[in-house]
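Okay, so here's the structure we're looking at.
Taken together, the values in this text are just the output of simple stated rules run on the coordinates, not laboratory data. Remember, predicted model here, so these are calculated numbers, not experimental data. Please note: Cβ atoms are built from the backbone with ideal geometry, for glycine as well, and neighbour counts cover all protein chains shown.
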Number of protein chains: 4
Amino acid sequence: MAMTGVLRPGHLQLRVLDIEKSRKFYRDIIGLVETGMDAQGRVYFKAWDERDHNSIILRQADRAGVDFIGFRVLNKLALDRLEQAVQEHGISTERIPAGDLLETGERVRFELPSGHPFEFYAEKTHIGNGLGMLNPRPWGAAADYGIAPTHFDHCLLYGPNLDATRKLFTEVLGFFLVERVLAPNEPIGGKDVAIWLSCSIKTHDIAFVEHAEPGKLHHVSFRMPSGERIQRAADILGMNKVPVDIGPTRHGITRGQTIYAWDPSGNRFETFTGDYEAYPDYEPITWTFDELGYGLDYSLGKLHETFLTVMT
Amino acid sequence: MAMTGVLRPGHLQLRVLDIEKSRKFYRDIIGLVETGMDAQGRVYFKAWDERDHNSIILRQADRAGVDFIGFRVLNKLALDRLEQAVQEHGISTERIPAGDLLETGERVRFELPSGHPFEFYAEKTHIGNGLGMLNPRPWGAAADYGIAPTHFDHCLLYGPNLDATRKLFTEVLGFFLVERVLAPNEPIGGKDVAIWLSCSIKTHDIAFVEHAEPGKLHHVSFRMPSGERIQRAADILGMNKVPVDIGPTRHGITRGQTIYAWDPSGNRFETFTGDYEAYPDYEPITWTFDELGYGLDYSLGKLHETFLTVMT
Amino acid sequence: MAMTGVLRPGHLQLRVLDIEKSRKFYRDIIGLVETGMDAQGRVYFKAWDERDHNSIILRQADRAGVDFIGFRVLNKLALDRLEQAVQEHGISTERIPAGDLLETGERVRFELPSGHPFEFYAEKTHIGNGLGMLNPRPWGAAADYGIAPTHFDHCLLYGPNLDATRKLFTEVLGFFLVERVLAPNEPIGGKDVAIWLSCSIKTHDIAFVEHAEPGKLHHVSFRMPSGERIQRAADILGMNKVPVDIGPTRHGITRGQTIYAWDPSGNRFETFTGDYEAYPDYEPITWTFDELGYGLDYSLGKLHETFLTVMT
Amino acid sequence: MAMTGVLRPGHLQLRVLDIEKSRKFYRDIIGLVETGMDAQGRVYFKAWDERDHNSIILRQADRAGVDFIGFRVLNKLALDRLEQAVQEHGISTERIPAGDLLETGERVRFELPSGHPFEFYAEKTHIGNGLGMLNPRPWGAAADYGIAPTHFDHCLLYGPNLDATRKLFTEVLGFFLVERVLAPNEPIGGKDVAIWLSCSIKTHDIAFVEHAEPGKLHHVSFRMPSGERIQRAADILGMNKVPVDIGPTRHGITRGQTIYAWDPSGNRFETFTGDYEAYPDYEPITWTFDELGYGLDYSLGKLHETFLTVMT
């Protein structure tokens, strides 16, 4: 948790081109747990080990991408203070009433310098992970259904104004910088093209890449419990002929093990595990642009073209 | 990090009966990195992926056990505020000057209701994990030397006044309760015999068991990167005929994979991995005493007698 | 395959005390695939990655244990030659007609010096592993149902006349000795109390321990695909409160990773993985009796009492 | 072992462009154990868990590739019989005297229809795996040095006359066909472009692809103990900027987990684990050419161009 009370990536609303096809995909292939549908036709999912009612919300739309990203905060006091801090930083906010999202309280929304709608909220109903609160088993059937990630882990967003975004997250919202990629030929400490930001001890709860067009989604990431389960995910993607972008491989950046693939609408998702413990007193790690290939795909050492060019 | 600025378990001073024998044990079998020896003859170690100068400190003594446990806090302001809060809670504190421990700043020390000397500090020199801060490799030779845990993860302490300890950690220091074991025949919400407390998203940064004698150590725990590395640790213990208490197995409590074994002085240590993500808004999980065997050793379902009777 | 044409452990008929309870156990907890029931009421199972119609056959009886063990041989010529060789070795054989076991051809049966009925057969219907023979997926739903071993791997039998048994297997049947345990205080090359025999490149396809009472079963072993799946098996045993004898741990003998547990009738079974490649030109490895604890449980180094005293 | 007494892939002599550079590569990055150098300057290696004196032999030459492949057979009788059978099949053989290769007995050499020199031999000195034959540890320091494969596992060879090669291996040498890839648009049972052949219970001890130019090497494969160690190998390749061709990924064909990469001379090697158990009575699995992408790289489903075009 950040000192500001920001807890975790809580929800992300994803635009999909065919809601029924996507619903089957996220339920049966990714293995998320479907928890509801609202009056607008949005479909709600959670990863099996999350306790909150929802984390991934699908909305049918004409183009793919992300509508907004929301982080859960500790309580209403933290929510009020964060709203005030954002406003004092010169960014206007709006309140979205409780109930707009199923089982979710009031949200404070504002636009990031990168052009992404971003939210904080203090309430979402706990429905549990299915194992109960008394003498629980370590896992159940949901842990083997589809790819079965444990959590919505983070997202990587593309947009302009990377420096302003970093400043907002690190100086106002309480995140800390964990890793950075320098622009080509920049000296250490120079201009970044990518940043990884944490509000926990994960290597990132959110990440950004400098990009001309605002509000773009590079990928939504799901946490896996082990490298063996990353390979199992790769197998399931192959069985279902899901288009895979990269992996399985290790990222040099964050050390995580990864697969990137695309959902039926062309939204990239990741299955992820194995990053290190990050702390706010740690100096950020720097990657030079010429080594970004190793940062992305540590064994191939290859800057896959799609990494910089394909997003939604 | 807790809202109070408590970051992580930072150091633990362990009493050992033969400093040279223990030094070899922690260096060559556990695979910690030796970082120094002070004028008193204390030997300093860090786990390979820690960036701070030291985490485990060995002191030769007539009896085994723990001298004190220290948590790193965000900065001096957090240190001052924590000191004040502890004092306002009615516990007296003392300041131990910078430099008493190698490469470590001023410490605020007080005694826990469980009888353990406990400390906060805001400064310990970062010496890094050996991989550098620029385009780092994911791991190096230290990751394969001995058992090679990545971090000092937590400790489990035995002592009296469990309720007062929980109150101090959760109401004053900013920790949250993750799991608890009820006393025999207690109803849910009743008196606990054991508690797991977190200041991060780990299932525990410290844990306590109710016990008549104050200030006792049950085990020091080291974080491992995977279940396969737990088995590798088990192999190394066997190769060196280190006395093993329990495991490898899974704890029902925290879901972690574990081995318990004893160092040459009889101090129990653990190698640990695979627990879940905990958050302060999550309701704590409760174990009934009759299921504690599964909480301890999920496959055997056995309350090993040593768990409750052997400590230092 | 042995030069004699002995291919693999093919079937084992197990006596169980309650056929319905055992059927559920082997189907839903072990995760074997039920393939039939015969007129006698025997229930047939295969492990998911086996292609033959059956491998484990349950028969209701008043006492637990093993009725017989059968190995598949290459063809009828190999069957005839093995029969002749066994007879020439002075052991009488009988032919059991095709169809006595479902989907299984004629069997040549004889009694081992250890008192166990033992069989060879050349025909059992291939029903496949469910993945098809054309562009197969690497695994399917059966690989995640219950513990889901891939194969019946071997069994360990207790009985008298260990030397005669070794001689039969190595000099007549074409097996080779992989590991041995010496009797207490025996010099190397002296009298064995346990032997591991292979007809493949596995460390054992069958194993024996010297024991006064003939025809006893120590355990039936199931092959797992990884150490992580051994831990998953341990979890499933815990979830179902199946009594576990030992493990998860590593055997020093064969290097395999293991769990021993008991079925509802008290028959011990094992989940097993990770042994090394054995070849007939390799000199056998020898264990001294005083190190048998490490041979059995490499991390604890403990000769669990049940290993020598509990069998069916 | 085949009924003919063929035991295992025993040695492979590899042509390298710079013997010193290659020596360092195979010793320090692959992690083979260097066991000798002969008067011709050839350098001998074994994988750590092999017991024979050597398996990979490097010879400095002007072009990369394979000089010959040798399989160990059970004994001199098997050697004589195999020689006779090869001659009766219409292929001339020659005897290479004992001692031509260090610690290796007389070899029977002949040319495969694919144009590769191929050998059988019955003697190579056992030097052991460093763990001893009495109460051995499960592994030692060599298991963590470099990539540290346990064995030279198989090779994949490119050359003409695939049908004749299959006939030789399955009808004369005692191997069995495990998997096959059909030529484009061929019906099942039609002409193959690739075959996987076993003389053990591995999915392949040798494999071939139809190719116009004779005697070509696609890759030398090394056995790894787990998928986690495949990822570790990938990390080591990245750390050393070794050019990686494909992976880590799963092969659909054989189900093995793999990385393909190139040595300093451009010879491709593989790290491999996780294939299934194959038996001579099993019907071969067939892949259609249009699914070869999944056969090669099960998650990407991509027929990497290099697979068919780059060899030595």
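Tabulated results
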read-out: DSSP bridge orientation in chain D - percent antiparallel, rounded to nearest 5; value: 70
read-out: GNM top mover of C:G189, C:G140, C:G174 - chain C, alpha-carbon springs below 10 Å; value: C:G189
read-out: GluC sites (Glu not before Pro) lying in DSSP loop within segment A:143-234, provided at most 16 other Cβ fall within 10 Å; value: none
read-out: B:Q40-B:H126 FRET efficiency (beta carbon distance; Förster radius 22 Å; 0.05 resolution); value: 0.40
read-out: GNM result for chain A, Cα springs below 10 Å: residue of A:E291, A:E213, A:E270 fluctuating most strongly; value: A:E213
read-out: Amide N of segment B:158-179 lying under 19 Å from the label point, which is placed 7 angstrom from the Cα of B:E283 along Cα→Cβ; value: B:176-179
read-out: Shortest-first nm distances, A:E111 label point to equivalent points in other copies (7 Å, Cα→Cβ); value: 6.1, 7.4, 9.0
read-out: For chain D, built as a Gaussian network whose Cα springs stay under 10 Å, the top-fluctuating residue of D:N267, D:N54, D:N75; value: D:N75
read-out: Sites D:E171 and D:R27, calculated FRET efficiency, Cβ-Cβ separation with R0 51 Å, nearest 0.05; value: 0.80
read-out: Across the identical copies, how the D:S92 labels are spaced - nm, sorted shortest first, 7 Å along Cα→Cβ; value: 5.9, 9.3, 10.2
read-out: Under 5 Å, built H, 5+ apart or other chain: amide partners of B:Q60; value: B:V16
read-out: Inter-chain shielding of A:125-136 (mean C-beta neighbours from other protein chains, 10 Å cut-off); value: 4
read-out: Where labels lie 7 Å past Cα in the beta-carbon direction, separation of A:E111 and A:A98 in nm; value: 2.9
read-out: Shielding by partners - mean other protein chain Cβ count within 10 Å, residues of A:271-282; value: 5
read-out: Long-range amide H partners of A:F269 with built H, under 5 Å; value: A:V220, A:A261, A:W262, A:D263
read-out: Considering only the protein assembly as shown, percent of DSSP beta bridges that pair antiparallel, nearest 5; value: 70
read-out: Amide proton proximity set for D:I285, modelled H, under 5 Å, gap of 5+; value: D:E179, D:R180
read-out: Inter-label distance, nm, simple model (7 Å from Cα along the C-beta direction), C:R81/A:K191; value: 7.8
read-out: Longest segment of chain B lacking trypsin sites (Lys or Arg not before Pro) that sit in a DSSP loop with at most 10 other Cβ atoms within 10 Å; value: B:64-240
read-out: Nearest residue to the symmetry axis between C and B, taken on chain C by its Cβ, in whole Å; value: C:P248, 3
read-out: Shape box of segment B:164-312 [Cα atoms, principal axes, largest first, Å]; value: 44, 30, 28
read-out: Local net charge near C:I69, Cβ-Cβ under 12 Å (Lys/Arg +1, Asp/Glu -1); value: 0
read-out: Helix-derived mean residue ellipticity, 222 nm - over the protein assembly as shown, DSSP H n ≥ 4, -39500 (n - 2.57), to 500; value: -4000 deg cm²/dmol
read-out: Spin-label model distance (nm) - C:D290 vs B:A164, 7 Å beyond Cα toward Cβ; value: 5.2
read-out: Efficiency of FRET between B:V310 and B:L17 - r from beta-carbon atoms, R0 25 angstrom, step 0.05; value: 0.95
read-out: Across the identical copies, how the A:T125 labels are spaced - nm, sorted shortest first, 7 Å along Cα→Cβ; value: 5.2, 5.6, 7.6
read-out: Antiparallel DSSP beta bridges within segment C:6-144, as percent of all bridges there, nearest 5; value: 75
read-out: Peptide C:299-308, shielding by other chains (average Cβ, 10 Å cutoff); value: 3
